[in-house]
Structures are given as C-alpha cells and as structure tokens.
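What follows is a single structure, written as structure tokens, with notes after it.
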Amino acid sequence: MTFSPGDRIRYECTGDDGLPLVRYGFVGGLAGSDGPVVVLLDGELGGDVVNLSEVQPVTVTTVELILHGTDLVDEPELRRGLVSLWHAEADTAGLDIDSLRALGDGECDSPGCWCLAELHAGDERYLLRAVQLDHETDTVRVRAERPW
C-alpha cells in the first residue's frame, strides 16, 4: 500500500498497559517507499515515526472491533449493542456512514457468525458481521464486509 501525506490511517500498537491499542490519525510524511512513516495521531501535538507495516488506510472494511470473550455475541440483548459499539469506532476513525440498519438480535448465517446490520457508505453496501475467530474461539471480530 502506498500512502501520501494527509491519508487517514489506522495504527495498531501496544498501550502503556501492555494491551493492544488502535489509534487513528493522518500520514504526516514518508521516509521512502518502504517507510517508516510519520503519523500525526488524533489528539496529539507531535508525530510518531512507525513502521509502514503497522498502519492501514481507514476504510469501512478496516475499522474493526476485536472482543475477547463471547458473552457479547452469545446473548441476544448484548449482541444488539455491538452495532452501536462498531458505529462509535467508525465515528472515531472518521468514516462517514450514510445509513445503518440493525437486524434486530442479529441473524446467525453460519456457526459463530452473525449478521448484525446493513450499512451504506458512499455508493457501497456492506454487512456488519460478528465472527468468532477459528484460531481463537473466545475472540470475536466485528467489522463491515461486502456482501458478495
């Protein structure tokens, strides 16, 4: 992926407490085609120099929640709340979501996978899904996917 100054990015790092942390910001500059890249993180005055492999462009399909534990998807009432949690993350990332329609308690379309909502961003349609990860069955990923 090639970045340019001003591109919106998603930066995954480790917080001071040792836990995974996702930050958002903008590309401030590049040291070359292989990086590193200077990122200007939201809410910070200075820039951080990070490896190019640690940043992703902000798109509807790259904004995701990783939840440890399955209680939020096992309980229908809690599963409904995942739509709002993802939408809040999308707002933090700076995405413009044109419309979002929740699908009630979610529709289980395969074991460990629930369709939670339909959304539109730009001229594209997406499904918001919660999926238990195969390699870590106590971890759930919530993100938008193209329906085809």
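The values are calculated or read from the model by the stated rules, or taken from the named source; none is laboratory data. Being a predicted model, the structure only gives us computed values, none of them experimental. All Cβ positions, glycine included, derive from the backbone under ideal geometry; neighbour counts span all protein chains shown. Only protein heavy atoms, including side chains, enter the accessible area calculation; ligands, DNA and RNA are left aside. Shrake-Rupley method; radii C 1.70, N 1.55, O 1.52, S 1.80 Å.
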The chain, relative contact order in percent, only Cα pairs under 8 angstrom and at least six apart counted: 17
Accessible-area order (highest first, 1.4 angstrom probe) of the listed residues T92, T2, T70: T2, T92, T70
Inter-site label distance for C13 and D34 at 7 Å from Cα along Cβ, in nm: 2.3
Whole-percent carbon and sulfur share, accessible surface of the stretch 27-148, 1.4 Å: 47
Whole-number accessible area per residue in Å² for the chain, which is evaluated in the context of all protein chains at 1.4 Å: 56
Probe 1.4 Å, all protein chains present, accessible-area order of D134, D16, D48, largest first: D16, D134, D48
Residues C113 and I66, FRET efficiency given R0 of 22 Å [Cβ-Cβ distance, rounded to 0.05]: 0.90
With Cα atoms, 0 to 90° folded angle of helix 76-93 axis to the chain main axis: 20
Accessible area of R141 in the full protein assembly, 1.4 Å probe (Å², nearest 10): 50
Rough spin-label spacing in nm, given labels placed 7 Å along Cα→Cβ, for D134 and S99: 3.4
Set of the stretch 105-148 residues, backbone N closer than 18 Å to the point 7 Å along the Cα-Cβ line of T59: 119-129, 142-148
Length-normalised contact order for the stretch 1-85 - Cα pairs under 8 Å, 6+ apart - percent: 22
Residue-by-residue Karplus 3J(HN,Hα) for the stretch 124-138, coefficients 6.51, -1.76, 1.60, Hz, glycine and proline x: 10, 10, 9, 10, 8, 10, 10, 10, 6, 6, 4, 7, 9, 5, 9
D42 accessible area, assembled protein chains, probe 1.4 Å, Å²: 60
